[in-house]
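Asker: One structure is given below, represented as C-alpha cells, and several questions about it will come after.
The values are calculated or read from the model by the stated rules, or taken from the named source; none is laboratory data. Here the structure is a predicted model, which is why all the values come from computation and not from measurement. Cβ coordinates were reconstructed from backbone atoms using ideal geometry, including for glycine residues, and neighbour counts include every protein chain displayed. Surface areas here come from the heavy atoms of the whole protein model, side chains and all, with no ligands, DNA or RNA. Shrake-Rupley method; radii C 1.70, N 1.55, O 1.52, S 1.80 Å.
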Amino acid sequence: MVSMIGTKEVALAREHPRGTERRRLLPYRDALNDLEAYAALSEPDRDAIVRWAETRRRIKEAYGIDHDPANLADPLLPEERLRAHVLAGERAAARRSDFVDPGGDLIAAVAALRRA
C-alpha cells in the first residue's frame, strides 16, 4: 500500500470533500455498510477506502472538516465512524480480533495489522 498522501490530494479533498468522498467511496457502498462485504473486497479495493479514510483524518485534523449534522443534503461520513469501520473490516479480513487502534496515520495502522 502506498502511504504517501500528497498535498495536492489533501487540497482537493479539502476543497471538495463531499464530491471527492462520493467519487471515492460510492463503488464501495455495500462494504461501508457491512463488515463481511468489506472483508471480502480485494486488497487494492480496501486500500482505496483506507487511503480516503486517512485523507479524511488529515483534513479533519488540519482544517476541522468533518461530518456536519446540519448538512442533510450531502453529508460526509463521520471520520471516526469511517476509521472504526475500516479497522473492523481489516480485522475481519485478517481474522484478527486482538488489534488495537494505535491512532494517528490509518495507512500505517492498517499496514501493521496486515503484517502481524
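Asker: Of the residues LEU32, LEU72, LEU41, which exhibits the maximal mean-square fluctuation in a Gaussian network model of the chain defined by a 10 Å Cα contact cut-off?
Answerer: For the chain, modelled as a Gaussian network with Cα springs under 10 Å, the answer is LEU72.
Asker: Continuing with the same structure: Less than 14 Å Cβ to Cβ from ALA62, Lys/Arg counted +1 and Asp/Glu -1: what total charge do the surrounding residues give?
Answerer: Net charge around ALA62: -2.
Asker: Next question, about the same structure. With a probe of 1.4 Å, find how much accessible area region 38-116 has per residue, and write the answer as a whole number in Å².
Answerer: Accessible area per residue: 51 Å².
Asker: With every atom except the alpha carbons ignored, what do you get for Rg and Dmax of region 48-93, in angstroms?
Answerer: My reading of the Cα-based Rg and Dmax gives 11.4, 34 Å.
Asker: Counting only protein heavy atoms and using a 1.4 Å probe, what share of the accessible area of region 1-60 belongs to carbon plus sulfur, as a whole percent?
Answerer: After summing per-atom areas, the C and S share lands at 51 percent.
Asker: Taking θ = phi - 60°, what integer Hz values does the Karplus form 6.51 cos²θ - 1.76 cosθ + 1.60 yield along region 96-111, in sequence order, with x for Gly and Pro?
Answerer: With coefficients 6.51, -1.76 and 1.60, one gets 10, 10, 8, 6, 9, 4, x, x, x, 4, 5, 4, 5, 5, 5, 4 Hz.
Asker: Can you pull out the trypsin sites (Lys or Arg not before Pro) in region 15-116 whose DSSP state is coil and whose Cβ has at most 13 other Cβ atoms within 10 Å?
Answerer: Those that pass, being in a loop and sparsely packed, are ARG95, ARG96.
Asker: Counting Lys and Arg as +1 and Asp and Glu as -1, each charge on the Cβ, what is the dipole of the chain about the Cα centre in debye, to the nearest 20?
Answerer: 200
Asker: ³J(HN,Hα) across region 48-56 via Karplus (A = 6.51, B = -1.76, C = 1.60, θ = phi - 60°), whole Hz, x for Gly/Pro?
Answerer: Per residue, the Karplus-derived 3J(HN,Hα) values read 4, 5, 4, 4, 5, 4, 5, 4, 4 Hz.
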